[in-house]
Amino acid sequence: MSSIFRRNALAVAALSFLSLAVHAQADNPPTGNLKEITVTGNPLGAADVIAPVDTLQGDALLLRSTSTLGETLNTLPGVSSSYFGPNASRPIIRGQDGDRIRILQNGGAAPDASALSYDHAVPVDALVTERLEVLRGPSALQYGGSAVGGVVNVIDNRIPTEPINGFGGRADLGYATGNKEKSGGVVLEGGNDRYALHVDAFDRKSDDVSVPIDLECAKPGSPGLARKICNSANSAHGGAIGGTLFFDQGWIGASASSYRSTYGTVAEDDVTIGMKSDRYALEGEWRPGGFFTSVHAKLNRTDYQHTEYEGGEPGTVFANKSDDLRIEARHRKIGNVEGLIGLSSERGNFSADGEEAFAPHSRTVSNALFLHEELSTSWGRLSFGARTEQTKVTSFGYPDDLSITRFATGERSFNPHSAALGALVNLAPQWQLTSNIAYTERAPKDYELFANGPHVATAAWEVGDAELKKEKSLGLDLGAEWKSGPNNARVNAYVTRFDNYIGLTATGRTLDEEGAPVAAGADGGLAEYAYSGVRARFVGIEATGKQRLMGSNGFTRSADGSTLDLEWRGDVVRATNTDTGEPLPRIAPLRVGATLAYGDGPWTGRFGFDSYAAQHRVPSIGDRETAGYTLWNAALTYRMKVERATLTWYARLDNLTNKLAYSATSILTTTVYPAAPQPGRSLKVGLRATF
């Protein structure tokens, strides 16, 4: 299926554009607003969400999208990126990353190997994504202890949940100068009251990424010194087909999707990763009436694998095969209380085979029961959630080669419990206050328990601890939001305290390729890092808002109906190992940003910046301090009405001043600096047709 999508994705998109462009005529864009539905923030579908949630969709997603999930979401309040070059990054939420951030696909588990290592990409592409939802704070516990930092939900509508009357979709074409990226995607949907079909496909190719500094490169066929990030080229393609049948009391649907990618790892000039992920999903809802008004179920199977090639020769192979089931039963209102109960079951089999296998073959099985209840009152709402899990982690060592004995074998069982309480208070028509408090427990992951080997991506020898206990945290979030017409402002303050916060800590030892101690600085030596539990504290503030400067409800009126808005944002987080008093590693510094957004009929323009303070709060061993920097950006869009469709032409200029910058949250900055600075100046132009 993936080869067919790869051959035809751009062709279908181009034909769609051509057929629409024949009838193109300039006109004003439609004035209707799309209704936002945030399923992650509130499973009951309430319009006002108690938990802090951000949603990206439509033009906002189009103008932010990159080839990686982390960079697409970077600069949202409280969200940064683990940036491992331009091809691999995961979101970091409120200073927490890895397996404390849960990445979902349509509300279901989306397992891969990205949390295991920074150079492993997330198999998601914004070209075929309808919207992204980011849930921060304590209310994320409904998705388990691995969501203690937050949740990112990727919505692609591959299984339509509502009838589609007629035919529609969108198509995209784009080109970027900074890495000579060519991209295209198409999404087609159609149906009636009884069935709906969905098809999508995408293709993306790019060369090495331009930067403002000369970097050395030992890759054969590449210049020895160039203003490029060596080995940062990428090729990705994929697609999906899905459909839904609707009946009087519900619906049932299925989908099959494929993702393929080949990209350079940037930390090693001659290493590339060939990734593939196949996902099969079954989802449905039954509305029987009675006490349970609806029962919603999701069943997913994911087959993920990637191979690390060294100079074209296959090396270590990582695989993760998993199944997950989630069932939610929503009950009718009891007085002013409504809610749901549910269960989830996940089973994953992980393996790593090759010289750089730093974690053993393992199996993780997790079963959970959870509930979410809300009480509506005259002044607002109260919510309560609870979850109990049973998790079993089994290490099989390295069964493919019995001569490798460095991995411990055995089984650990954990029983994490979590609970949360939230409140939303309407002080006045324009003001809302929110608060969330949660106690969360997380079972250690397989690699945190049993890792023992060289991990090139982190330039370290990583060692797990089979005796680790559950990670426990208590989090509090307080928020205030103001809205008045087009103007709004929101601020959230939070603190999370951890007992037994599990992280990698430098031991001060250096090991050779066999794991034996050697002198520091020895050729081929790797610094030893061990997974251990410490007490930790995360404290931070996030703020965002928009102020109309010109136009309706603004400071001044405009005679032609144009508008000018000031969008502003900022956040800061301080993370501390309270056992030692030292900062935790790879924490984003203070960030502030602002954008002027101008609208005049079919035209929109944006000009703004994001400024990062220097990061001096780093551990005494392992991390480097980073300098502050400011990145300027601009964008211009023009819409044309095309019979029943809309064409959106756009141009986006990133890092306008070609500033040299290094991310404080990237492992590359701390270990192989300066292997991969932030990308330099790049102009992206594109066209989207929505019909």
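The values are calculated or read from the model by the stated rules, or taken from the named source; none is laboratory data. All values derive from a computational prediction rather than experimental measurement. Counting neighbours? That spans all protein chains shown, and the Cβs are built from the backbone with ideal geometry, glycine included.
Among Ala236, Ala281, Ala254, Ala240, which is within 21 Å of the chain's Cα centre (by Cα), of a type in the set (Gly, Ala, Ser) and more than 30 Å from Asp207 (Cα to Cα)?
On the way: Ala236 fails: more than 30 Å from Asp207 (Cα to Cα); Ala254 fails: within 21 Å of the chain's Cα centre (by Cα); Ala240 fails: more than 30 Å from Asp207 (Cα to Cα).
Matching residue, one of Ala236, Ala281, Ala254, Ala240: Ala281.
For region 624-660, how many residues are surrounded by 21 or more Cβ atoms within 10 Å (Cβ to Cβ) and either without any contact (Cβ under 8 Å) to a residue 12 or more places away in the chain or part of a loop (DSSP other than H, G, I, E, B) (or both)?
1
Does Phe407 satisfy the criteria of being part of a strand (DSSP E or B) and either touching a Phe, Trp or Tyr at 6+ places or on another chain (Cβ under 9 Å) or in contact (Cβ under 8 Å) with a residue 24 or more places away in the chain (or both)? Before you say what the answer is, go through the steps one by one.
Details: part of a strand (DSSP E or B): no; either touching a Phe, Trp or Tyr at 6+ places or on another chain (Cβ under 9 Å) or in contact (Cβ under 8 Å) with a residue 24 or more places away in the chain (or both): yes.
It is false that Phe407 is part of a strand (DSSP E or B) and either touching a Phe, Trp or Tyr at 6+ places or on another chain (Cβ under 9 Å) or in contact (Cβ under 8 Å) with a residue 24 or more places away in the chain (or both).
Looking at Ser383, Ser378, Ser395, can you tell me which residue is small (Gly, Ala, Ser), at pLDDT below 95 and either touching a helix residue (DSSP H, G or I) at 6+ places or on another chain (Cβ under 7 Å) or not in a strand (DSSP E or B) (or both)? Write out each step before concluding.
Values: Ser383 fails: either touching a helix residue (DSSP H, G or I) at 6+ places or on another chain (Cβ under 7 Å) or not in a strand (DSSP E or B) (or both); Ser395 fails: at pLDDT below 95.
Exactly one residue qualifies, and that residue is Ser378.
Select from region 506-546 the residues that are surrounded by 21 or more Cβ atoms within 10 Å (Cβ to Cβ), under 15 Å from Thr458 (Cα atoms) and of a type outside the set (Phe, Trp, Tyr) and list them in ascending order.
Matches in region 506-546: Leu511, Leu526.
Quick test for you: out of Leu61, Leu20, pick the one residue that is within 26 Å of Ala171 (Cα to Cα), surrounded by 18 or more Cβ atoms within 10 Å (Cβ to Cβ) and either modelled with pLDDT of 65 or more or in contact with a strand residue (DSSP E or B) (Cβ under 6 Å, 6 or more places away or on another chain) (or both).
Numbers: Leu61 fails: surrounded by 18 or more Cβ atoms within 10 Å (Cβ to Cβ).
Answer to the check: Leu20.
Return the pairs, sorted by first residue and then second, in which the second residue is of a type outside the set (A, V, I, L, M) and not in a strand (DSSP E or B), the first residue lies in region 470-482 and is under 16 Å from Val534 (Cβ atoms), the beta carbons are less than 6 Å apart, and the residues are 6+ apart or on different chains.
Taking only residues 6 or more apart or on different chains, the pairs are Lys470/Pro416.
Looking at Leu44, Leu76, which one is surrounded by fewer than 22 Cβ atoms within 10 Å (Cβ to Cβ), of a type in the set (A, V, I, L, M, F, W, C), modelled with pLDDT of 90 or more and part of a loop (DSSP other than H, G, I, E, B)? Full working, then the answer.
Details: Leu44 fails: modelled with pLDDT of 90 or more.
Just one listed residue meets the conditions, Leu76.
Scanning for something closer than 24 Å to Leu474 by Cβ, β-branched (Val, Ile, Thr), touching a residue at least 12 places away in the same chain (Cβ under 8 Å) and surrounded by fewer than 17 Cβ atoms within 10 Å (Cβ to Cβ), does region 383-404 turn up at least one residue?
yes
Can you name the residue in region 289-333 that is assigned to a loop (DSSP other than H, G, I, E, B), within 30 Å of Leu44 (Cβ to Cβ) and among the small types (Gly, Ala, Ser) and, of all such residues, is nearest to the chain's Cα centre (by Cα)?
First, the residues of region 289-333 that are assigned to a loop (DSSP other than H, G, I, E, B): 289-291, 311-312.
Next, only the ones that are within 30 Å of Leu44 (Cβ to Cβ) stay: 289-291.
If we keep only those that are among the small types (Gly, Ala, Ser) too, we end up with 289-290.
Working: Gly289: 36, Gly290: 38 Å.
Among them, the one singled out is Gly289.
For a quick check of your reading of the model, give me the residue pairs whose first member lies in region 143-154 and is polar (S, T, N, Q), whose second is not in a loop (DSSP other than H, G, I, E, B), with beta-carbon atoms closer than 7 Å and at least 6 apart or on different chains.
Within 7 Å, the pairs are Ser146/Asp99; Ser146/Arg100; Ser146/Arg102; Ser146/Arg442; Asn153/Leu104; Asn153/Glu133.
When you look at Thr262, is it modelled with pLDDT of 95 or more, in a strand (DSSP E or B), of a type in the set (Ser, Thr, Tyr) and over 20 Å from the mean Cα position of the chain (by Cα), yes or no? Talk me through it step by step, then tell me what you get.
Details: modelled with pLDDT of 95 or more: yes; in a strand (DSSP E or B): yes; of a type in the set (Ser, Thr, Tyr): yes; over 20 Å from the mean Cα position of the chain (by Cα): no.
So Thr262 does not fit the description; no.
I need every pair where a residue in region 180-207 that is at positive phi and surrounded by fewer than 24 Cβ atoms within 10 Å (Cβ to Cβ) has its Cβ under 9 Å from the Cβ of a residue that is among the aliphatic types (A, V, I, L, M) and part of a strand (DSSP E or B), sequence separation at least 6 or different chains.
Gly191/Leu197
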